[in-house]
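See below for the structure under consideration.
The values are calculated or read from the model by the stated rules, or taken from the named source; none is laboratory data. Nothing here was measured: the structure is a model prediction, and the numbers come from that model. Don't worry about glycine lacking a Cβ; one is built from the backbone with ideal geometry, like all the others, and counts go over all protein chains shown.
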Amino acid sequence: MTFEDLAYAMGGLVMVIIFYLLPWLIAAGRNNRNRSGILILNLLTGWTLIGWIASFICACVDPKGE
């Protein structure tokens with residue numbers, strides 16, 4: 001394995017991790033008051049498609065109803 005192959009593999013891994021944590025990143029960026037709960041939900045159930053979608057919906061919904 002060359003250094004270039006390793007760099008591509010690491011770059012791909014970083015992209016997967018960013019996509020996996022996307023709901024939490026959205027919640028943190030929107031200053032959602034439930035961002036710690038969204039992170040826990042995302043970490044524990046995000047590996048299932050349903051858990052990831054639930055995390056994503058929770059991150060996009062405004063908890064204040066504004």
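Here is how the numbers come out for the structure above:
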{"quantity": "Looking only at region 25-53, and only at residues there that are in contact with a Ser or Thr (Cβ under 7 Å, 6 or more places away or on another chain) and among the hydrophobic types (A, V, I, L, M, F, W, C), the one that is surrounded by the most Cβ atoms within 10 Å (Cβ to Cβ)", "calculated": "I38"}
{"quantity": "Qualifying residue in region 34-51 (condition: on the phi > 0 side of the Ramachandran plot and free of Cβ contacts under 8 Å to residues at least 60 places away in the same chain)", "calculated": "no"}
{"quantity": "Failed item, numbered, when P23 is tested on (1) under 10 Å from the mean Cα position of the chain (by Cα); (2) at pLDDT below 95", "calculated": "(2)"}
{"quantity": "Count of region 25-52 residues which are within 21 Å of M15 (Cβ to Cβ), touching a Pro at 6+ places or on another chain (Cβ under 9 Å) and in a helix (DSSP H, G or I)", "calculated": "4"}
